[in-house]
């Protein structure tokens with residue numbers, strides 16, 4: 001009887017260890033993914049008036065990776081079309097597509113930010129906005145209306 005209980009205990013313990021080991025291996029061996037961020041930039045207002053004749057605008061784009069207590073700038077770019085009236089309408093926006101490689105969704109969070117800077121006769125005004133990229137999705141988009 002003791003031998004039968006010993007054999008059952010052995011199989012039970014080995015089964016638990018095997019399942020637990022597979023679970024740990026699955027958690028440890030998360031495969032990195034590639035994520036793509038698509039920025040579309042367009043003029044949200046009619047800037048043809050004389051008030052905007054000398055107004056310049058530039059858009060600063062940034063992608064940041066957050067892990068635990070760290071943050072790392074993964075990519076930065078600037079879209080500078082000069083005068084604000086040079087930016088296209090929403091029907092034909094400017095596109096920037098950026099791919100970020102080796103993203104571990106369980107441990108990392110990606111965020112995409114943009115900052116719009118207006119410069120009119122030496123006076124500067126800016127605002128900054130952004131989104132957190134969805135875990136699991138391969139493509140996220142950010143629409144920027146200046």
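For the pair residue 140 and residue 31, label points projected 7 Å from Cα toward Cβ lie 2.2 nm apart. Here 58, 31 are placed in order of increasing Cβ neighbour count within 10 Å, fewest first, which gives 31, 58. If you restrict to DSSP beta bridges whose two residues both lie in the stretch 32-145, what percentage is antiparallel, to the nearest 5? Here the share of antiparallel DSSP bridges comes out near 85 percent. Relative intensity of the stretch 32-145 on a log10 scale, I(q)/I(0) at q = 0.15, 0.21 Å⁻¹, equals -0.68, -1.09, per a Debye sum over C-alpha point scatterers of equal strength in the absence of solvent. Counting neighbouring beta carbons within 10 Å and listing from fewest to most, the residues 101, 39 come out as 101, 39.
No value in this document is a laboratory result; all are computed from the given coordinates. Being a predicted model, the structure only gives us computed values, none of them experimental. Every residue, glycine as well, gets a Cβ built from its backbone with ideal geometry; the counts of neighbours run over all protein chains shown.
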